[in-house]
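Chemist: First the structure, then my questions, so here it is.
The values are calculated or read from the model by the stated rules, or taken from the named source; none is laboratory data. Keep in mind it's a predicted model, so treat the numbers as computed, not measured. No Cβ is skipped: glycine too gets one built from the backbone with ideal geometry, and neighbour counts run over all protein chains shown. What goes into the accessible areas is simple: the full protein's heavy atoms, side chains included, and nothing from ligands, DNA or RNA. Shrake-Rupley method; radii C 1.70, N 1.55, O 1.52, S 1.80 Å.
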Amino acid sequence: MIIHFGGDVCRDLDASARREWLETNGLGGFASSTISGMNTRRYHGLLVAALRSLTERLLLLSKMDEALVIDGQRFELGTNRYPQTVHPHGFQLQTGFRLDPFPVYTFSAGDVEIEKSLMMRHGENTVVVRYRFSNLRGRDASLELRPLVAFRDYHSLKSEDARAQPASTFEPGLVCLAAPDDSCTLYLAHHAAHVEATGYWHKSLEYTEERARGFDFIEDLFNPCTLFFELDGDAPRVDLIASTERHGAGEADALEQLERTRRLHICAAPHAGAAEAEAADENTPHVCLLLRAADQFFVSRGENLRSIIAGYHWFTDWGRDTMVSLPGLALATGRFDDARRILLAFAEHLSEGMIPNRFPEHDEPPEYNTADGTLWFVHAAGELLRRTDDEKFVRVELYEKLKEIIHWHERGTRFQIRAAEDGLLDAGMEGVALTWMDVKVGDYVVTPRAGKPVEIQALWYNALRTVEAMARRFGDQRPAAHYRSLAEGARASFHGLFWNDSEQCLYDCINLDGTADDSLRPNQIFAVSLPHPLVTGERARGVVDAVRRELLTPYGLRTLSPRHAEYRGRYEGPPYERDNAYHQGTVWSWLIGPFVTAYLKTHGRTPATLATARECLRPFREHLFEIGLGQISELFDGDAPHTPRGSIAQAWGVAEVLRCELEELQTVAQAHADS
């Protein structure tokens, strides 16, 4: 399924600057820009390299400005925004843009057609940029490439500084740019006829998305050289490879073919039933886009382990996000070895019954500051066993650690997380935010939920039942009986505390003082959606109906009912304003997954309910073409028209939509098989 835009969209700078593409390399590095070629974020660049680890990212090559000279006439192909002006206007020459599967720009300069493609090599900090030309035979033509480099941390911006310029050396077919601190070298492999050292600074480039987000938005970029290519023959080509490794420009064909083959395999439908379902349903090609999107989040963590990037452009791998995403990204798609290696990566860092919520950038120790991330880890382990029946792996590698998690949560671990006398899980204290609604502005907790948050109880009960089932399967009867007793006690206490009879749904939290928070939030949906639900029957239906009535939007669930005094319907403005809206009404895409699961649980899997579930997912098919191309945004405004916000590519958003889509495909395939 090709994402394609014609010249009308590309030449509309407002429309084209809103649409962004993303290439990733499986190491944490990436390339990204807009379909106009104009960078609008500090994170946009042709090579954002992950060096020693996936958390150490440097933006090396920001972009490549190009000029095509035909019979003395000059055509600039680049587009940049400066204060009060855009220069040059290469977007006005664009005839199209597509993802096929790589980003491909097309231009028309007079009667000459130009195609520019970009591709990241998996497993390397390498990007291949290729140019193809037609109708140049018999013309005097050349191409000039001007690399603009930054050599900075990807969160920061660069200002002109002679001390910050990379040291440039020139070898035949290779430009070598050494970082000022000697941390790395950027190699530009080429077959240019001539390279001219320049040493110019391009000053005051503006990034409009950063300005809208209330951050610094002006940058200076360094141009070390210009590369001149002579164009002759029927179909001249220009290849350039930018990398932290030495390559030759002649390797471009082989690198592209390897990556093209790898990506074709991603869409080979490893999940059960997909081939039959695709034959039955002409709309399923969008699933291939989601499979490609899913692949972009998998990264190496160390030599043999794996992890999941929470989102692009600014996230790294987070424990909570990784474990929520794992069933959809890895298990539903048949990437079982990736799932095992991800679980091992986090199990390796288990401490006091907790997995890390975050591996900080640089060399700091992991952070253990979440009440739910570890419980999602238990859920992911249970789903691995259910989907793969890999008893040996779970028994040998995970089971003792899962028992350790239960033990520490019983006795008490960090932040006063511990099982209370009533069997429910106390989670946190004043001034900290341990659930996924975790925003703090200084010392101010925007969504205070210390006490007994509803989803923590659902996850705790699910964890107890999950490990109980494993214990019985492994013949470990005494722990199994103990976990069963804990689960039954928690369930009995839960029903006595959490049912909100006036709203016919669940309270969001039992506060530290014992009062109930009746804010209508989506967290209660997990008491129904998880494999071992805390509520069933009419109460479960009441939860789903309340969430559907108050929180459901075309792109996920609102984080707070619009009836609440603290509701914020738009996520925009500077950081303080956005932080105050993050969990106070803003829609999160990933929540559509647990809602669909809970809805089908409580209303049954009939043709009518499956049609309703399909309608809940359908808007995301159009969204794949709107902002982060082929990806799903992190957030949407709570108020219509539900403008996409936050990161352009969020792992758990893709994971939950993909999980639901694949489960639906399996249902359709089974129905066709039965008929």
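Chemist: Scan segment 6-28 residue by residue and report those that are under 23 Å from the mean Cα position of the chain (by Cα), surrounded by 17 or more Cβ atoms within 10 Å (Cβ to Cβ) and not in a loop (DSSP other than H, G, I, E, B).
Modeler: Here is the first cut: in segment 6-28, the ones under 23 Å from the mean Cα position of the chain (by Cα) are 15-28.
Subsequent filtering for residues that are surrounded by 17 or more Cβ atoms within 10 Å (Cβ to Cβ) retains 16-28.
Passing the criteria: Ser16, Ala17, Glu20, Trp21, Leu22, Glu23, Thr24.
Chemist: Another question about this same structure. Just one of Ala492, Ala469, Ala480, Ala458 is more than 30 Å from Pro562 (Cβ to Cβ), open to solvent by less than 20 Å² (accessible area, probe 1.4 Å) and assigned to a helix (DSSP H, G or I); which is it? Quick ask: steps written out before the conclusion?
Modeler: Numbers: Ala492 fails: open to solvent by less than 20 Å² (accessible area, probe 1.4 Å); Ala469 fails: open to solvent by less than 20 Å² (accessible area, probe 1.4 Å); Ala458 fails: more than 30 Å from Pro562 (Cβ to Cβ).
Going through Ala492, Ala469, Ala480, Ala458 in turn, the sole match is Ala480.
Chemist: Here's a follow-up. If Gly382 passes every condition in (1) crowded, with 20+ Cβ neighbours inside 10 Å; (2) of a type in the set (Gly, Ala, Ser); (3) more than 21 Å from His482 (Cβ to Cβ); (4) at pLDDT 95 or above but one, which one does it miss?
Modeler: Status for Gly382: all satisfied but (3).
Chemist: Another question about this same structure. Just the residues that are closer than 21 Å to Asp317 by Cβ, part of a loop (DSSP other than H, G, I, E, B) and among the small types (Gly, Ala, Ser), please, taken from segment 35-88.
Modeler: Across segment 35-88, the qualifying residue is only Ser53.
Chemist: From the list Tyr187, Tyr154, which one is among the hydroxyl-bearing types (Ser, Thr, Tyr) and either open to solvent by less than 30 Å² (accessible area, probe 1.4 Å) or without any contact (Cβ under 8 Å) to a residue 40 or more places away in the chain (or both)?
Modeler: Working: Tyr187 fails: either open to solvent by less than 30 Å² (accessible area, probe 1.4 Å) or without any contact (Cβ under 8 Å) to a residue 40 or more places away in the chain (or both).
Of Tyr187, Tyr154, the one residue that is among the hydroxyl-bearing types (Ser, Thr, Tyr) and either open to solvent by less than 30 Å² (accessible area, probe 1.4 Å) or without any contact (Cβ under 8 Å) to a residue 40 or more places away in the chain (or both) is Tyr154.
Chemist: From Glu572, Glu577, grab the single residue that is within 22 Å of the chain's Cα centre (by Cα) and more than 19 Å from Ala458 (Cα to Cα). Show your work before the answer.
Modeler: Values: Glu577 fails: within 22 Å of the chain's Cα centre (by Cα).
Selected residue: Glu572, the only one of Glu572, Glu577 that is within 22 Å of the chain's Cα centre (by Cα) and more than 19 Å from Ala458 (Cα to Cα).
Chemist: Test Val547 against the stated conditions and say whether it is out of contact with any Leu (no Cβ under 6 Å at 6 or more places or on another chain), open to solvent by less than 40 Å² (accessible area, probe 1.4 Å) and over 26 Å from Thr284 (Cα atoms). Give the derivation first.
Modeler: Numbers: out of contact with any Leu (no Cβ under 6 Å at 6 or more places or on another chain): yes; open to solvent by less than 40 Å² (accessible area, probe 1.4 Å): yes; over 26 Å from Thr284 (Cα atoms): yes.
Considered against the rule, which asks whether it is out of contact with any Leu (no Cβ under 6 Å at 6 or more places or on another chain), open to solvent by less than 40 Å² (accessible area, probe 1.4 Å) and over 26 Å from Thr284 (Cα atoms), Val547 comes out as yes.
Chemist: Now, a different point. Go through the residues of segment 606-628 one by one and say whether even a single one is at pLDDT 95 or above, closer than 28 Å to Asp216 by Cβ and either among the polar types (S, T, N, Q) or open to solvent by less than 10 Å² (accessible area, probe 1.4 Å) (or both).
Modeler: Yes, the conditions are met somewhere in segment 606-628.
Chemist: Also, I was wondering about something else. Answer yes or no as to whether Thr413 is within 30 Å of Pro574 (Cβ to Cβ) and either of a type in the set (S, T, N, Q) or touching a strand residue (DSSP E or B) at 6+ places or on another chain (Cβ under 7 Å) (or both). Working first, answer last.
Modeler: Numbers: within 30 Å of Pro574 (Cβ to Cβ): no; either of a type in the set (S, T, N, Q) or touching a strand residue (DSSP E or B) at 6+ places or on another chain (Cβ under 7 Å) (or both): yes.
No.
Chemist: Something else about it: Taking the options Phe97, Phe91, name whichever one is crowded, with 19+ Cβ neighbours inside 10 Å, among the aromatic types (Phe, Trp, Tyr) and outside any strand (DSSP E or B).
Modeler: So the residue among Phe97, Phe91 that is crowded, with 19+ Cβ neighbours inside 10 Å, among the aromatic types (Phe, Trp, Tyr) and outside any strand (DSSP E or B) is Phe91.
Chemist: Identify the single condition in (1) among the hydrophobic types (A, V, I, L, M, F, W, C); (2) at pLDDT below 95; (3) assigned to a helix (DSSP H, G or I) that Leu136 does not satisfy, given that it satisfies every other one.
Modeler: With (1) among the hydrophobic types (A, V, I, L, M, F, W, C); (2) at pLDDT below 95; (3) assigned to a helix (DSSP H, G or I) applied to Leu136, the lone miss is (3).
Chemist: Name the residues in segment 495-524 that are under 24 Å from Leu591 (Cβ atoms), acidic (Asp, Glu), open to solvent by 10 Å² or more (accessible area, probe 1.4 Å) and in a loop (DSSP other than H, G, I, E, B), would you?
Modeler: Scanning segment 495-524 gives Glu503, Asp518.
Table: residues versus (1) over 24 Å from Leu27 (Cβ atoms); (2) of a type in the set (A, V, I, L, M, F, W, C); (3) without any contact (Cβ under 8 Å) to a residue 60 or more places away in the chain.
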site: Leu51; (1), (2), (3): no, yes, no
site: Thr55; (1), (2), (3): no, no, no
site: Glu66; (1), (2), (3): yes, no, no
site: Gly72; (1), (2), (3): yes, no, no
site: Leu77; (1), (2), (3): yes, yes, yes
site: Leu93; (1), (2), (3): yes, yes, yes
site: Phe97; (1), (2), (3): yes, yes, no
site: Pro101; (1), (2), (3): no, no, no
site: Gly110; (1), (2), (3): yes, no, yes
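Chemist: Tell me whether segment 408-415 contains one or more residues that are more than 15 Å from Thr466 (Cβ to Cβ), in contact with an Asp or Glu (Cβ under 7 Å, 6 or more places away or on another chain) and in contact (Cβ under 8 Å) with a residue 60 or more places away in the chain.
Modeler: Taking segment 408-415 first, the residues more than 15 Å from Thr466 (Cβ to Cβ) are 408, 410-415.
Still in the list and also in contact with an Asp or Glu (Cβ under 7 Å, 6 or more places away or on another chain): 408, 413-414.
Now narrow it down to the ones that are in contact (Cβ under 8 Å) with a residue 60 or more places away in the chain: 413-414.
Scanning segment 408-415 turns up at least one residue that is more than 15 Å from Thr466 (Cβ to Cβ), in contact with an Asp or Glu (Cβ under 7 Å, 6 or more places away or on another chain) and in contact (Cβ under 8 Å) with a residue 60 or more places away in the chain.
Chemist: So in segment 446-455, with the set limited to residues that are crowded, with 24+ Cβ neighbours inside 10 Å and touching a Cys at 6+ places or on another chain (Cβ under 7 Å), which one is farthest from Ala427 (Cα to Cα)?
Modeler: Result: Val454.
Chemist: Given Phe595, Phe636, which one is touching a strand residue (DSSP E or B) at 6+ places or on another chain (Cβ under 7 Å), open to solvent by less than 20 Å² (accessible area, probe 1.4 Å) and within 23 Å of His532 (Cα to Cα)? Step through it out loud before you land on a result.
Modeler: On the way: Phe636 fails: within 23 Å of His532 (Cα to Cα).
Criteria check complete, one pass: Phe595.
Chemist: Across segment 629-675, what is the total count of residues that are outside any helix (DSSP H, G or I) and at pLDDT below 95? First the steps, then the outcome.
Modeler: Narrowing segment 629-675 to residues outside any helix (DSSP H, G or I): 629-650, 675.
Then drop every residue that is not at pLDDT below 95, which leaves 675.
Of the residues in segment 629-675, 1 are outside any helix (DSSP H, G or I) and at pLDDT below 95.
Chemist: Out of segment 525-544, which residues are open to solvent by 50 Å² or more (accessible area, probe 1.4 Å), in a helix (DSSP H, G or I) and in contact with a Phe, Trp or Tyr (Cβ under 9 Å, 6 or more places away or on another chain)? Spell out the reasoning first.
Modeler: From segment 525-544, those open to solvent by 50 Å² or more (accessible area, probe 1.4 Å) are 531-532, 536-539, 541; that's our starting set.
When the remaining residues are screened for being in a helix (DSSP H, G or I), the result is 537-539, 541.
Residue satisfying the conditions is Arg539 alone.
Chemist: Next question. Considering only segment 386-394, I want to know if a residue exists there that is outside any helix (DSSP H, G or I) and at pLDDT 95 or above.
Modeler: Of segment 386-394, the ones outside any helix (DSSP H, G or I) are 389-390.
When the remaining residues are screened for being at pLDDT 95 or above, the result is 389-390.
Yes - at least one qualifying residue is present in segment 386-394.
Chemist: Kindly indicate whether any position in segment 159-169 is assigned to a loop (DSSP other than H, G, I, E, B), of a type in the set (Asp, Glu) and under 33 Å from the mean Cα position of the chain (by Cα). Break it down into steps so the answer makes sense when it comes.
Modeler: Going through segment 159-169, the residues assigned to a loop (DSSP other than H, G, I, E, B) turn out to be 159-161, 165-166.
Then drop every residue that is not of a type in the set (Asp, Glu), which leaves 160-161.
If we keep only those that are under 33 Å from the mean Cα position of the chain (by Cα) as well, we get 160.
Checked segment 159-169: at least one residue is assigned to a loop (DSSP other than H, G, I, E, B), of a type in the set (Asp, Glu) and under 33 Å from the mean Cα position of the chain (by Cα).
Chemist: Between a first residue in segment 524-541 that is within 13 Å of Tyr461 (Cβ to Cβ) and a second residue that is open to solvent by 10 Å² or more (accessible area, probe 1.4 Å) and of a type in the set (Gly, Ala, Ser), which pairs have beta carbons less than 7 Å apart while being 6 or more apart in sequence or on different chains?
Modeler: Every condition considered, the pairs that remain are Pro531/Gly382.
Chemist: Which one is nearest to the chain's Cα centre (by Cα) among residues in segment 78-104 that are of a type in the set (Ser, Thr, Tyr) and under 22 Å from Glu206 (Cα atoms)?
Modeler: The selected residue is Thr79.
Chemist: I'm trying to understand the selection: among the residues of segment 133-151, which are of a type in the set (Lys, Arg) and open to solvent by 50 Å² or more (accessible area, probe 1.4 Å)? Don't jump to the end; show me each part of the working.
Modeler: Step one: list which residues in segment 133-151 are of a type in the set (Lys, Arg), which gives 137, 139, 146.
If the condition is that a residue be of a type in the set (Lys, Arg) and open to solvent by 50 Å² or more (accessible area, probe 1.4 Å), then Arg137, Arg139 are the ones that fit.
Chemist: With respect to Gly593, is the statement that it is modelled with pLDDT of 95 or more and either farther than 17 Å from Gly328 by Cβ or assigned to a helix (DSSP H, G or I) (or both) true?
Modeler: On the way: modelled with pLDDT of 95 or more: yes; either farther than 17 Å from Gly328 by Cβ or assigned to a helix (DSSP H, G or I) (or both): yes.
When the stated conditions are applied, Gly593 passes them.
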